[in-house]
Amino acid sequence: MPANTPHSLTRRRFLALGAGAAAAAGLAACSTGTSPATRIGPASPAVAGAERARRATGAPVRQVSLNATVGEVDLGGTTVRTWTFDGRLPGKEIRLKRGEVLQARLSNGLPQPTSVHWHGIALRNDMDGVPDLTQAAVAPGGQFGYEFTVPDAGTYFFHPHVGVQLDRGLYAPLIVEDPADGADYDTELVVVLDDWIDGTGTDPDAVLAGLRANGMSMGGMGSMPGMGAGAMQGMGGTLLGGDAGDVTYPHLLANGRVAAAPTTFATRAGQRVRVRLINAAADTAFRVGIPGVPMRVTHTDGFPVSPRQAEAVLLGMGERIDAVITVPDAAVPLLAAAEGKDGYAQVLVQPGDRRAGVANDAALATLKTRPVLTVTDFAAADAVSLPEKNPDVMHDLALAGPSGKYVWTINGKTYDPKEGLPVHQGQRVRLRFVNMSMMYHPMHLHGHTFQVRGAGGRGPRKDTTIVLPGQTVEVDFDAGNPGQWLAHCHNAYHGEAGMMTIVSYVE
Ligand SMILES: [Cu+2]
């Protein structure tokens, strides 16, 4: 089915068509369990062995503490009570060099169990932060010590992997520097994007409960606040091919601030700035650009691509893009427009004492008329492109939901920690994401960076990639990091409503 399925199709009808297509393709037969007895679990010697192989003797150790806490945060004129790391939004950036060791002590001051997942890092499995799969959740008042080597440079972030805690304020950048960094830029700007609802009279747990209570009527028919972005705000004209989201957010944030009270990046005209864009939202994709200022895109999800000039880029939830800009002789807004929804966030790029107003409708309108580069426009740099090889194993992940209930499935099932897609160490693995639903899904694989297979062969290296409605996306990776790894939708509500499975290394 084409990605531009007519919007007049109802979700239910589309699902019926999707089910038929799946049966025709034989997808119904593809679900495969892995027995816990044969699994290479987080405590396996193979996991410790992989970490030893990554760690150089005498590798520097960087120590940080993370206190998950409840408190008030000012979003820029609006104060909300929420959950953050150490009272900051975003949390304090962690920055280290490739090959260094991160020791992070998490203290849980929240009323719920929590964990930290180090999004995009090919780390040891027992430090991946997935409760019941790689560790026990950290109870309220409890602590956990994370320790792992960071093998690859790039732009990453971290967040809990419990419930919909990601949709509170528990996130921060994790930047891994490469010795060659800085050759083509003078300074850096890290921009974390978010959609915000917590502490505005509701919270993410209540939003999820509302979606579940509304079931099939989600998508704008319900009367509950917080729901209905898809139907109410632009089924048409988006890059997402269908519903833009399940939740209507009162605020959109860049580096913790609403557009009306943005942060300012003080710089100088002519400076080359490496902009590290991170989408930490739960249910919102962003179209990002600086009207009139071209961006030279250099990395997707931390890994280098053949550089491309872009006027705008699309970031789904969990995705990152690095781009170099040259600061003009005028203040300009870096705009992040919520794709298919209303609203935007911004950071002001301000050379010297040049003043900028907040972005106006004209600047936003300009952004929305410019070409947008998406995953299909990028190819991995030669140095990180996987060598051509036929896959040793292929797994289909049929993405569907919801029908009747607010449930999102992979291969007809909701997440079951005992089920998985078996792989063996050393295999070339191909995952095929087959989207049978009306909504896009940013699909994320833990512990690996796959290579998207583009129409012309080799696409970019990524750990999160958007799969549009009706689309099939193939990704390849080499199974070189033993353990149990989630593969899931990075829409926090979809993941929690079932759309997660496990890439399961087995003996
Ligand atoms: Cu999804």
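The values are calculated or read from the model by the stated rules, or taken from the named source; none is laboratory data. Quick caveat: nothing in here was measured; it's all calculated off a predicted structure. Every residue, glycine as well, gets a Cβ built from its backbone with ideal geometry; the counts of neighbours run over all protein chains shown.
Based on this model, can you work out whether GLN350 counts as out of contact with any His (no Cβ under 7 Å at 6 or more places or on another chain), of a type outside the set (Gly, Ala, Ser), modelled with pLDDT under 95 and more than 25 Å from ARG458 (Cβ to Cβ)? Criteria met by GLN350.
Residue pairs whose Cβ atoms lie under 6 Å apart, separated by 6 or more positions or on different chains, with the first residue in the stretch 486-499 and among the aliphatic types (A, V, I, L, M) and the second within 7 Å of the ligand (Cβ to nearest atom) and not in a strand (DSSP E or B), are ALA497/TRP408; MET499/TRP408.
With respect to ALA400, determine if the residue is touching a strand residue (DSSP E or B) at 6+ places or on another chain (Cβ under 7 Å), surrounded by 20 or more Cβ atoms within 10 Å (Cβ to Cβ) and within 25 Å of GLY289 (Cα to Cα). In short, no. Residue check: ASP186 meets all listed conditions (1) surrounded by fewer than 18 Cβ atoms within 10 Å (Cβ to Cβ); (2) at positive phi; (3) touching a strand residue (DSSP E or B) at 6+ places or on another chain (Cβ under 6 Å) but one, namely (2). Restricting to the stretch 251-299, name every residue that is crowded, with 18+ Cβ neighbours inside 10 Å, not in a strand (DSSP E or B) and not aliphatic (A, V, I, L, M). Of everything in the stretch 251-299, those that are crowded, with 18+ Cβ neighbours inside 10 Å, not in a strand (DSSP E or B) and not aliphatic (A, V, I, L, M) turn out to be ASN255, GLY256, PRO262, ASP283, THR284, PRO291.
Across the stretch 409-430, what is the total count of residues that are buried (at least 24 other Cβ atoms within 10 Å of the Cβ) and either in a loop (DSSP other than H, G, I, E, B) or within 16 Å of the ligand (Cβ to nearest atom) (or both)? Adding up the residues that qualify gives 2.
For the criterion of being touching a Lys or Arg at 6+ places or on another chain (Cβ under 8 Å) and hydrophobic (A, V, I, L, M, F, W, C), ALA153 passes. Scan (1) closer than 21 Å to MET127 by Cα; (2) in a strand (DSSP E or B); (3) more than 17 Å from the chain's Cα centre (by Cα) for the single condition HIS395 breaks and write down its number. Tallying (1) closer than 21 Å to MET127 by Cα; (2) in a strand (DSSP E or B); (3) more than 17 Å from the chain's Cα centre (by Cα), HIS395 fails exactly one: (1).
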